[in-house]
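Notes follow the structure.
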Amino acid sequence: MTVTMTAPAQAWVETDWPDPPAWVAAEWPQDVFAVPGPQRAADVDLPDVRQWIRWLGTQEVFDVGDLRLEEASARCIELITALEKLKAATAAAQARVSERFDLLQRQLQTDAGVPARRLGEGVGAQVALARGESPVKGGRFLGAAQAWVREMPRTLEALAEGRLNEWRATLAVRETACLAIEDRRAVDEDFGKLLAARKTMGDRTITAELRRMVYERDAEAYIRRIEAAVKGRRVTSRPALDGMAYVTGLLPLQQAVGVYAALSQAADSARAAGDERGRGQLMADTLVERVTGRPADRPCDVHLDIVITDHSLFAEDDTAAEIGDVGPVPAGWVRRMLGTIEDPDVRVQVRRLFRGPGATLMATKTAGRFFTRGLQHLIRVRDQHCRTPWCDAPIRHADHVVDHASGGPTDLDNGQGLCERCNHTKQLAGWAASVDPGPEHRVRWETPTGHTYDSLPPLGPGEGRH
(Lines give C-alpha, C1' and ligand atoms only; values in the text may rest on other atoms or scores of the structure.)
Protein backbone atom coordinates (compact mmCIF):
# COMPACT_ATOMS: atom_id res chain seq x y z
CA MET A 1 0.00 0.00 0.00
CA THR A 2 1.26 3.49 -0.85
CA VAL A 3 0.07 6.67 0.82
CA THR A 4 0.93 10.00 -0.78
CA MET A 5 1.63 12.76 1.76
CA THR A 6 2.47 16.44 1.56
CA ALA A 7 6.10 17.48 1.93
CA PRO A 8 5.70 18.59 5.58
CA ALA A 9 4.07 15.28 6.43
CA GLN A 10 6.90 13.49 4.68
CA ALA A 11 9.39 15.52 6.73
CA TRP A 12 7.62 14.46 9.92
CA VAL A 13 7.82 10.82 8.95
CA GLU A 14 11.50 11.06 8.11
CA THR A 15 12.84 13.39 10.78
CA ASP A 16 10.49 14.01 13.70
CA TRP A 17 10.86 10.49 15.03
CA PRO A 18 14.57 10.27 15.90
CA ASP A 19 14.60 6.49 15.43
CA PRO A 20 11.22 4.95 14.59
CA PRO A 21 10.94 1.90 16.87
CA ALA A 22 11.50 -1.47 15.20
CA TRP A 23 7.99 -2.59 16.09
CA VAL A 24 6.56 0.22 13.93
CA ALA A 25 8.16 -1.18 10.80
CA ALA A 26 7.17 -4.69 11.83
CA GLU A 27 3.54 -4.09 12.74
CA TRP A 28 2.46 -1.17 10.53
CA PRO A 29 2.04 -1.53 6.73
CA GLN A 30 5.53 -2.00 5.32
CA ASP A 31 5.52 0.91 2.88
CA VAL A 32 3.82 3.53 5.05
CA PHE A 33 7.07 5.48 5.26
CA ALA A 34 7.72 5.25 1.52
CA VAL A 35 6.06 8.26 -0.09
CA PRO A 36 6.92 8.24 -3.78
CA GLY A 37 5.44 10.14 -6.69
CA PRO A 38 4.26 13.71 -7.32
CA GLN A 39 2.62 15.55 -4.42
CA ARG A 40 -0.77 16.06 -6.04
CA ALA A 41 -4.24 15.38 -4.67
CA ALA A 42 -5.06 13.43 -7.83
CA ASP A 43 -2.30 10.95 -6.95
CA VAL A 44 -3.86 9.92 -3.65
CA ASP A 45 -5.25 6.41 -3.89
CA LEU A 46 -8.62 6.65 -2.10
CA PRO A 47 -9.02 2.87 -1.74
CA ASP A 48 -5.69 2.82 0.13
CA VAL A 49 -6.81 5.64 2.40
CA ARG A 50 -10.03 3.78 3.12
CA GLN A 51 -8.02 0.64 3.83
CA TRP A 52 -6.00 2.62 6.36
CA ILE A 53 -9.22 3.75 8.03
CA ARG A 54 -10.49 0.19 8.27
CA TRP A 55 -7.15 -1.06 9.55
CA LEU A 56 -6.85 1.62 12.23
CA GLY A 57 -10.32 0.68 13.44
CA THR A 58 -9.40 -2.93 14.12
CA GLN A 59 -7.98 -4.56 17.20
CA GLU A 60 -4.96 -5.64 15.19
CA VAL A 61 -3.57 -2.10 15.25
CA PHE A 62 -1.79 -2.91 18.47
CA ASP A 63 -1.48 -6.31 20.08
CA VAL A 64 0.90 -6.56 23.00
CA GLY A 65 1.26 -10.30 22.55
CA ASP A 66 3.86 -11.77 24.93
CA LEU A 67 5.64 -8.50 25.67
CA ARG A 68 6.67 -7.60 29.17
CA LEU A 69 4.28 -5.15 30.83
CA GLU A 70 6.91 -2.40 30.89
CA GLU A 71 7.68 -2.75 27.17
CA ALA A 72 4.00 -2.99 26.24
CA SER A 73 3.27 0.17 28.23
CA ALA A 74 6.07 2.04 26.48
CA ARG A 75 4.74 0.96 23.12
CA CYS A 76 1.27 2.20 24.00
CA ILE A 77 2.63 5.68 24.71
CA GLU A 78 4.68 5.66 21.50
CA LEU A 79 1.64 4.70 19.48
CA ILE A 80 -0.57 7.33 21.15
CA THR A 81 2.05 9.97 20.29
CA ALA A 82 2.36 8.74 16.72
CA LEU A 83 -1.41 8.69 16.17
CA GLU A 84 -1.75 12.19 17.60
CA LYS A 85 0.80 13.43 15.09
CA LEU A 86 -1.00 11.51 12.38
CA LYS A 87 -4.21 13.38 13.24
CA ALA A 88 -2.40 16.70 12.96
CA ALA A 89 -0.79 15.73 9.64
CA THR A 90 -4.21 14.68 8.35
CA ALA A 91 -5.64 18.06 9.36
CA ALA A 92 -2.85 19.78 7.43
CA ALA A 93 -3.56 17.63 4.38
CA GLN A 94 -7.28 18.43 4.67
CA ALA A 95 -6.41 22.11 4.80
CA ARG A 96 -4.37 21.95 1.61
CA VAL A 97 -7.09 20.00 -0.21
CA SER A 98 -9.81 22.36 1.08
CA GLU A 99 -7.90 25.42 -0.10
CA ARG A 100 -7.45 23.85 -3.54
CA PHE A 101 -11.14 22.88 -3.63
CA ASP A 102 -12.04 26.52 -2.94
CA LEU A 103 -9.93 27.67 -5.90
CA LEU A 104 -11.47 25.05 -8.19
CA GLN A 105 -15.02 25.96 -7.15
CA ARG A 106 -14.35 29.66 -7.64
CA GLN A 107 -13.09 28.97 -11.14
CA LEU A 108 -16.18 26.88 -11.93
CA GLN A 109 -18.40 29.66 -10.59
CA THR A 110 -16.53 32.25 -12.64
CA ASP A 111 -16.99 30.16 -15.77
CA ALA A 112 -20.70 29.92 -14.97
CA GLY A 113 -21.00 33.72 -14.80
CA VAL A 114 -21.36 34.09 -11.04
CA PRO A 115 -20.67 37.73 -10.00
CA ALA A 116 -17.30 38.32 -8.35
CA ARG A 117 -18.89 39.33 -5.05
CA ARG A 118 -20.59 35.92 -4.79
CA LEU A 119 -17.63 33.73 -5.68
CA GLY A 120 -17.01 31.08 -3.06
CA GLU A 121 -20.60 30.86 -1.83
CA GLY A 122 -21.47 27.35 -0.70
CA VAL A 123 -17.87 26.14 -0.65
CA GLY A 124 -17.66 26.13 3.15
CA ALA A 125 -20.96 24.23 3.34
CA GLN A 126 -19.60 21.51 1.05
CA VAL A 127 -16.42 21.24 3.13
CA ALA A 128 -18.59 20.99 6.25
CA LEU A 129 -20.61 18.10 4.81
CA ALA A 130 -17.44 16.31 3.73
CA ARG A 131 -16.02 16.67 7.27
CA GLY A 132 -19.31 15.74 8.97
CA GLU A 133 -19.58 19.12 10.70
CA SER A 134 -21.98 22.05 10.86
CA PRO A 135 -21.77 24.71 8.13
CA VAL A 136 -20.41 27.20 10.65
CA LYS A 137 -17.52 24.91 11.61
CA GLY A 138 -16.93 24.02 7.96
CA GLY A 139 -16.67 27.69 7.07
CA ARG A 140 -14.26 28.30 9.92
CA PHE A 141 -12.06 25.41 8.83
CA LEU A 142 -12.04 26.63 5.23
CA GLY A 143 -11.07 30.11 6.39
CA ALA A 144 -8.31 28.64 8.54
CA ALA A 145 -7.12 26.49 5.65
CA GLN A 146 -6.91 29.52 3.36
CA ALA A 147 -4.94 31.42 6.00
CA TRP A 148 -2.55 28.53 6.69
CA VAL A 149 -1.80 27.85 3.03
CA ARG A 150 -1.65 31.43 1.75
CA GLU A 151 -0.43 33.47 4.71
CA MET A 152 0.84 31.25 7.55
CA PRO A 153 3.19 28.59 6.16
CA ARG A 154 5.09 28.11 9.43
CA THR A 155 1.90 27.34 11.31
CA LEU A 156 0.84 24.90 8.61
CA GLU A 157 4.28 23.28 8.72
CA ALA A 158 4.02 22.83 12.50
CA LEU A 159 0.57 21.30 12.06
CA ALA A 160 1.77 18.89 9.36
CA GLU A 161 4.71 17.84 11.53
CA GLY A 162 2.51 17.24 14.57
CA ARG A 163 4.02 20.05 16.66
CA LEU A 164 0.59 21.74 16.74
CA ASN A 165 -2.83 20.14 16.81
CA GLU A 166 -5.66 21.51 14.70
CA TRP A 167 -7.19 23.59 17.49
CA ARG A 168 -3.91 25.32 18.38
CA ALA A 169 -3.21 26.01 14.72
CA THR A 170 -6.70 27.52 14.54
CA LEU A 171 -5.88 29.74 17.52
CA ALA A 172 -3.00 31.16 15.47
CA VAL A 173 -5.42 32.09 12.69
CA ARG A 174 -7.97 33.56 15.07
CA GLU A 175 -5.54 35.70 17.02
CA THR A 176 -3.87 37.17 13.92
CA ALA A 177 -7.06 37.85 11.95
CA CYS A 178 -6.89 41.61 12.57
CA LEU A 179 -3.48 42.03 10.93
CA ALA A 180 -2.61 42.98 7.39
CA ILE A 181 -1.23 40.10 5.31
CA GLU A 182 2.42 41.14 5.60
CA ASP A 183 2.15 41.62 9.36
CA ARG A 184 0.41 38.29 9.69
CA ARG A 185 3.22 36.56 7.81
CA ALA A 186 5.77 38.23 10.08
CA VAL A 187 3.94 37.04 13.19
CA ASP A 188 3.75 33.58 11.64
CA GLU A 189 7.54 33.55 11.29
CA ASP A 190 7.98 34.57 14.93
CA PHE A 191 5.41 32.02 16.04
CA GLY A 192 7.25 29.28 14.17
CA LYS A 193 10.48 30.15 15.97
CA LEU A 194 8.66 30.15 19.31
CA LEU A 195 7.23 26.70 18.63
CA ALA A 196 10.71 25.39 17.87
CA ALA A 197 12.04 26.77 21.14
CA ARG A 198 9.12 25.95 23.42
CA LYS A 199 7.48 22.66 22.53
CA THR A 200 5.13 22.20 25.50
CA MET A 201 2.97 25.33 25.41
CA GLY A 202 -0.73 24.88 26.20
CA ASP A 203 -3.71 26.68 24.70
CA ARG A 204 -3.63 29.59 27.12
CA THR A 205 0.09 30.21 26.71
CA ILE A 206 -0.12 30.06 22.92
CA THR A 207 -3.02 32.50 22.91
CA ALA A 208 -1.21 34.92 25.21
CA GLU A 209 2.01 34.81 23.17
CA LEU A 210 0.14 35.35 19.91
CA ARG A 211 -1.72 38.34 21.33
CA ARG A 212 1.54 39.84 22.51
CA MET A 213 3.06 39.39 19.04
CA VAL A 214 0.01 40.92 17.36
CA TYR A 215 -0.02 43.91 19.67
CA GLU A 216 3.69 44.55 19.20
CA ARG A 217 3.34 44.26 15.43
CA ASP A 218 0.30 46.56 15.07
CA ALA A 219 -1.12 48.01 18.27
CA GLU A 220 -3.76 50.07 16.47
CA ALA A 221 -5.15 47.02 14.68
CA TYR A 222 -5.34 45.17 17.99
CA ILE A 223 -7.19 48.05 19.66
CA ARG A 224 -9.61 48.34 16.73
CA ARG A 225 -10.33 44.64 17.11
CA ILE A 226 -11.19 45.08 20.79
CA GLU A 227 -13.47 48.01 20.00
CA ALA A 228 -15.22 46.11 17.22
CA ALA A 229 -15.78 43.09 19.47
CA VAL A 230 -18.30 45.11 21.51
CA LYS A 231 -20.75 44.83 18.62
CA GLY A 232 -20.79 41.07 19.16
CA ARG A 233 -22.23 41.25 22.68
CA ARG A 234 -25.16 38.87 23.10
CA VAL A 235 -27.01 36.49 25.38
CA THR A 236 -27.48 32.82 24.46
CA SER A 237 -29.18 29.81 26.02
CA ARG A 238 -28.46 26.11 25.67
CA PRO A 239 -29.71 22.99 27.47
CA ALA A 240 -27.77 21.41 30.31
CA LEU A 241 -28.19 18.13 32.17
CA ASP A 242 -31.05 17.21 34.51
CA GLY A 243 -33.64 19.76 33.36
CA MET A 244 -31.21 22.68 33.69
CA ALA A 245 -30.01 25.22 31.14
CA TYR A 246 -27.15 27.69 30.62
CA VAL A 247 -27.88 31.37 29.98
CA THR A 248 -24.62 32.95 28.84
CA GLY A 249 -23.89 36.62 28.31
CA LEU A 250 -20.97 37.72 26.15
CA LEU A 251 -20.27 41.22 27.44
CA PRO A 252 -17.54 43.86 27.37
CA LEU A 253 -15.04 43.13 30.12
CA GLN A 254 -16.02 46.03 32.39
CA GLN A 255 -19.72 45.17 32.21
CA ALA A 256 -19.08 41.47 32.79
CA VAL A 257 -16.96 42.21 35.86
CA GLY A 258 -19.63 44.61 37.13
CA VAL A 259 -22.46 42.09 36.68
CA TYR A 260 -20.53 39.35 38.46
CA ALA A 261 -19.50 41.70 41.28
CA ALA A 262 -23.09 42.84 41.82
CA LEU A 263 -24.38 39.25 42.00
CA SER A 264 -21.53 38.26 44.27
CA GLN A 265 -22.17 41.19 46.62
CA ALA A 266 -25.90 40.39 46.79
CA ALA A 267 -25.12 36.78 47.63
CA ASP A 268 -22.65 37.76 50.36
CA SER A 269 -25.17 40.15 51.89
CA ALA A 270 -27.88 37.49 51.93
CA ARG A 271 -25.52 34.98 53.53
CA ALA A 272 -24.54 37.51 56.17
CA ALA A 273 -28.25 38.04 56.93
CA GLY A 274 -28.67 34.32 57.60
CA ASP A 275 -29.86 32.98 54.24
CA GLU A 276 -29.00 29.27 54.17
CA ARG A 277 -28.80 28.92 50.40
CA GLY A 278 -25.37 28.35 48.90
CA ARG A 279 -23.48 31.26 47.39
CA GLY A 280 -23.90 29.95 43.86
CA GLN A 281 -27.63 29.40 44.43
CA LEU A 282 -28.03 32.94 45.72
CA MET A 283 -26.22 34.44 42.75
CA ALA A 284 -28.37 32.43 40.32
CA ASP A 285 -31.60 33.35 42.11
CA THR A 286 -30.62 37.03 42.23
CA LEU A 287 -29.96 36.97 38.49
CA VAL A 288 -33.42 35.52 37.82
CA GLU A 289 -35.14 38.02 40.12
CA ARG A 290 -33.41 41.07 38.68
CA VAL A 291 -34.00 40.04 35.06
CA THR A 292 -37.60 38.78 35.33
CA GLY A 293 -38.84 40.96 38.19
CA ARG A 294 -40.29 37.87 39.89
CA PRO A 295 -39.15 35.94 42.97
CA ALA A 296 -36.90 33.07 41.96
CA ASP A 297 -39.26 30.50 43.53
CA ARG A 298 -42.21 31.54 41.33
CA PRO A 299 -42.53 30.33 37.72
CA CYS A 300 -42.02 32.80 34.88
CA ASP A 301 -44.32 33.22 31.90
CA VAL A 302 -43.43 30.37 29.57
CA HIS A 303 -44.43 28.67 26.32
CA LEU A 304 -43.83 24.93 26.28
CA ASP A 305 -44.05 22.53 23.35
CA ILE A 306 -44.38 19.04 24.79
CA VAL A 307 -44.30 16.01 22.50
CA ILE A 308 -45.59 13.06 24.46
CA THR A 309 -47.37 9.75 23.93
CA ASP A 310 -50.87 9.30 25.31
CA HIS A 311 -49.67 6.43 27.51
CA SER A 312 -46.99 8.65 29.04
CA LEU A 313 -49.45 11.43 29.82
CA PHE A 314 -52.40 9.41 31.11
CA ALA A 315 -51.22 5.91 31.97
CA GLU A 316 -47.99 6.70 33.78
CA ASP A 317 -45.84 5.08 31.11
CA ASP A 318 -42.10 5.68 31.43
CA THR A 319 -41.47 6.67 27.78
CA ALA A 320 -39.61 9.99 27.78
CA ALA A 321 -41.29 13.13 26.50
CA GLU A 322 -39.68 15.93 24.47
CA ILE A 323 -39.76 19.61 25.40
CA GLY A 324 -38.72 22.16 22.78
CA ASP A 325 -35.00 22.75 22.63
CA VAL A 326 -34.49 21.01 25.98
CA GLY A 327 -34.75 17.52 24.54
CA PRO A 328 -35.92 14.35 26.33
CA VAL A 329 -37.29 14.66 29.85
CA PRO A 330 -38.89 12.04 32.15
CA ALA A 331 -42.62 11.62 31.56
CA GLY A 332 -43.24 11.60 35.31
CA TRP A 333 -41.57 15.01 35.63
CA VAL A 334 -43.85 16.38 32.87
CA ARG A 335 -46.95 15.01 34.60
CA ARG A 336 -45.96 16.64 37.88
CA MET A 337 -45.07 19.92 36.18
CA LEU A 338 -48.43 20.11 34.37
CA GLY A 339 -50.21 19.41 37.63
CA THR A 340 -48.41 22.03 39.71
CA ILE A 341 -48.63 25.19 37.56
CA GLU A 342 -51.42 26.91 39.51
CA ASP A 343 -50.21 30.49 39.93
CA PRO A 344 -52.94 32.76 38.42
CA ASP A 345 -50.35 35.48 37.73
CA VAL A 346 -48.21 33.17 35.59
CA ARG A 347 -49.10 32.84 31.94
CA VAL A 348 -48.24 29.34 30.80
CA GLN A 349 -49.01 28.16 27.30
CA VAL A 350 -48.59 24.40 26.92
CA ARG A 351 -49.07 22.75 23.54
CA ARG A 352 -49.27 18.98 23.87
CA LEU A 353 -48.57 17.08 20.65
CA PHE A 354 -49.40 13.39 20.82
CA ARG A 355 -47.81 10.47 19.04
CA GLY A 356 -49.66 7.24 18.61
CA PRO A 357 -47.79 3.94 18.19
CA GLY A 358 -45.69 4.18 15.05
CA ALA A 359 -47.35 7.46 14.03
CA THR A 360 -45.77 10.73 12.99
CA LEU A 361 -46.98 14.24 13.69
CA MET A 362 -49.80 15.05 11.29
CA ALA A 363 -50.72 18.22 9.43
CA THR A 364 -52.88 19.27 6.51
CA LYS A 365 -51.75 20.59 3.17
CA THR A 366 -52.22 24.16 2.07
CA ALA A 367 -52.52 25.51 -1.44
CA GLY A 368 -50.58 28.64 -0.56
CA ARG A 369 -46.93 29.43 -1.16
CA PHE A 370 -46.15 29.99 2.52
CA PHE A 371 -46.50 27.60 5.43
CA THR A 372 -49.25 28.52 7.87
CA ARG A 373 -48.22 29.38 11.42
CA GLY A 374 -49.57 26.08 12.68
CA LEU A 375 -47.69 24.13 10.04
CA GLN A 376 -44.49 26.04 10.77
CA HIS A 377 -44.95 25.17 14.41
CA LEU A 378 -45.29 21.46 13.67
CA ILE A 379 -42.16 21.56 11.50
CA ARG A 380 -40.19 23.20 14.32
CA VAL A 381 -41.43 20.68 16.88
CA ARG A 382 -40.64 17.71 14.63
CA ASP A 383 -37.20 18.88 13.42
CA GLN A 384 -36.08 20.67 16.64
CA HIS A 385 -33.01 22.12 14.89
CA CYS A 386 -31.75 22.84 11.38
CA ARG A 387 -32.17 19.78 9.17
CA THR A 388 -28.92 20.24 7.24
CA PRO A 389 -26.77 17.21 8.12
CA TRP A 390 -24.62 17.92 11.21
CA CYS A 391 -26.08 21.42 11.67
CA ASP A 392 -27.66 21.91 15.09
CA ALA A 393 -28.39 25.62 14.65
CA PRO A 394 -31.80 26.97 15.74
CA ILE A 395 -34.52 26.84 13.09
CA ARG A 396 -35.20 30.22 11.48
CA HIS A 397 -37.06 29.27 8.28
CA ALA A 398 -39.73 26.74 7.31
CA ASP A 399 -38.42 25.60 3.93
CA HIS A 400 -39.84 23.60 1.03
CA VAL A 401 -37.58 20.56 0.52
CA VAL A 402 -38.59 20.55 -3.14
CA ASP A 403 -39.01 24.20 -4.05
CA HIS A 404 -42.57 25.46 -4.50
CA ALA A 405 -41.57 26.83 -7.90
CA SER A 406 -40.63 23.28 -8.94
CA GLY A 407 -43.98 21.87 -7.90
CA GLY A 408 -43.19 21.06 -4.27
CA PRO A 409 -46.34 21.09 -2.10
CA THR A 410 -46.72 23.19 1.02
CA ASP A 411 -47.23 20.44 3.56
CA LEU A 412 -45.49 18.75 6.48
CA ASP A 413 -43.88 16.04 4.33
CA ASN A 414 -42.28 18.60 2.00
CA GLY A 415 -41.35 20.94 4.81
CA GLN A 416 -38.16 21.14 6.83
CA GLY A 417 -36.74 23.53 9.38
CA LEU A 418 -33.53 25.31 8.37
CA CYS A 419 -31.33 27.97 9.84
CA GLU A 420 -31.01 31.13 7.75
CA ARG A 421 -27.53 30.26 6.49
CA CYS A 422 -28.47 26.78 5.29
CA ASN A 423 -31.63 28.01 3.60
CA HIS A 424 -29.60 30.50 1.56
CA THR A 425 -27.02 27.82 0.72
CA LYS A 426 -29.73 25.46 -0.54
CA GLN A 427 -30.78 28.07 -3.11
CA LEU A 428 -27.33 28.22 -4.72
CA ALA A 429 -26.73 26.74 -8.15
CA GLY A 430 -25.97 23.02 -8.09
CA TRP A 431 -27.71 22.30 -4.77
CA ALA A 432 -30.83 20.14 -4.64
CA ALA A 433 -32.93 18.25 -2.12
CA SER A 434 -35.56 15.55 -2.22
CA VAL A 435 -37.69 13.87 0.43
CA ASP A 436 -38.94 10.39 1.20
CA PRO A 437 -42.40 11.08 2.65
CA GLY A 438 -42.34 7.87 4.68
CA PRO A 439 -42.42 7.66 8.47
CA GLU A 440 -38.74 8.60 8.77
CA HIS A 441 -39.05 11.80 6.70
CA ARG A 442 -35.63 11.25 5.13
CA VAL A 443 -34.33 14.32 3.27
CA ARG A 444 -31.53 13.80 0.77
CA TRP A 445 -29.21 16.72 0.01
CA GLU A 446 -27.15 16.84 -3.18
CA THR A 447 -24.17 19.19 -3.52
CA PRO A 448 -22.70 20.73 -6.69
CA THR A 449 -20.07 17.96 -6.83
CA GLY A 450 -22.80 15.29 -6.96
CA HIS A 451 -22.25 14.00 -3.41
CA THR A 452 -25.36 13.17 -1.39
CA TYR A 453 -26.07 13.32 2.34
CA ASP A 454 -29.18 12.12 4.18
CA SER A 455 -30.89 13.92 7.03
CA LEU A 456 -33.39 12.48 9.51
CA PRO A 457 -35.35 14.37 12.17
CA PRO A 458 -34.70 13.52 15.82
CA LEU A 459 -36.54 10.47 17.09
CA GLY A 460 -39.71 11.27 18.98
CA PRO A 461 -41.04 9.71 22.20
CA GLY A 462 -41.74 6.01 21.86
CA GLU A 463 -39.91 5.61 18.55
CA GLY A 464 -37.37 2.81 18.13
CA ARG A 465 -33.75 3.68 18.74
CA HIS A 466 -32.08 0.56 17.36
### Query
Restricting the search to the range 129-144, which residues are touching a residue at least 40 places away in the same chain (Cβ under 8 Å) and either in contact with a Phe, Trp or Tyr (Cβ under 7 Å, 6 or more places away or on another chain) or open to solvent by 20 Å² or more (accessible area, probe 1.4 Å) (or both)?
129, 130, 132, 133, 134, 136
### Query
Can you name the residue in the range 90-126 that is polar (S, T, N, Q) and open to solvent by 60 Å² or more (accessible area, probe 1.4 Å) and is also nearest to the chain's Cα centre (by Cα) among such residues?
94
### Message
Can you confirm whether residue 379 is open to solvent by less than 50 Å² (accessible area, probe 1.4 Å), touching a strand residue (DSSP E or B) at 6+ places or on another chain (Cβ under 7 Å), part of a loop (DSSP other than H, G, I, E, B) and farther than 17 Å from residue 132 by Cα?
### Response
no
#### Entry: Candidates 66, 48, 111 - the one that is in contact (Cβ under 8 Å) with a residue 40 or more places away in the chain and among the acidic types (Asp, Glu)
48
### Task
Select from the range 195-206 the residues that are under 29 Å from the mean Cα position of the chain (by Cα) and open to solvent by 20 Å² or more (accessible area, probe 1.4 Å) and list them in ascending order.
199, 200, 202, 203, 204, 205
### Task
Look through 232, 258, 192 and report the one residue that is of a type outside the set (A, V, I, L, M, F, W, C), loosely packed, with under 11 Cβ neighbours inside 10 Å and modelled with pLDDT of 90 or more.
232
### Task
Tell me which residues, restricted to the range 417-437, are crowded, with 18+ Cβ neighbours inside 10 Å and within 28 Å of residue 119 (Cβ to Cβ).
418, 419, 421, 422, 423, 425, 426, 433
### Query
Just a yes or no: is a residue in the range 267-280 under 32 Å from the mean Cα position of the chain (by Cα), over 25 Å from residue 171 (Cα atoms) and either at pLDDT below 95 or open to solvent by 50 Å² or more (accessible area, probe 1.4 Å) (or both)?
yes
### Task
Being part of a loop (DSSP other than H, G, I, E, B), within 27 Å of residue 392 (Cβ to Cβ) and free of Cβ contacts under 8 Å to residues at least 40 places away in the same chain narrows it down to one of 120, 124, so name that one.
120
### Query
How many of the residues in the range 145-164 are open to solvent by 50 Å² or more (accessible area, probe 1.4 Å) and farther than 17 Å from residue 106 by Cα?
4
### Task
Kindly provide the set of residues from the range 382-400 that are within 22 Å of residue 452 (Cα to Cα) and open to solvent by 60 Å² or more (accessible area, probe 1.4 Å), ordered by number.
390, 392
### Query
Taking the range 401-415 as the search range and keeping residues that are without any contact (Cβ under 8 Å) to a residue 40 or more places away in the chain and open to solvent by less than 10 Å² (accessible area, probe 1.4 Å), which one is nearest to the chain's Cα centre (by Cα)?
414
### Summary
Turns out the helices (runs of 4 or more DSSP H) fully within the range 145-253 with at least 1 residues that are free of Cβ contacts under 8 Å to residues at least 24 places away in the same chain and touching a Phe, Trp or Tyr at 6+ places or on another chain (Cβ under 7 Å) are 203-217
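The values are calculated or read from the model by the stated rules, or taken from the named source; none is laboratory data. Just so it is clear, the model here is predicted, and its values are computed rather than measured. Neighbour counts run over all protein chains shown; Cβ positions are idealised from the backbone, glycine included. Areas reflect the complete protein model, heavy atoms only, side chains present, ligands, DNA and RNA absent. Shrake-Rupley method; radii C 1.70, N 1.55, O 1.52, S 1.80 Å.
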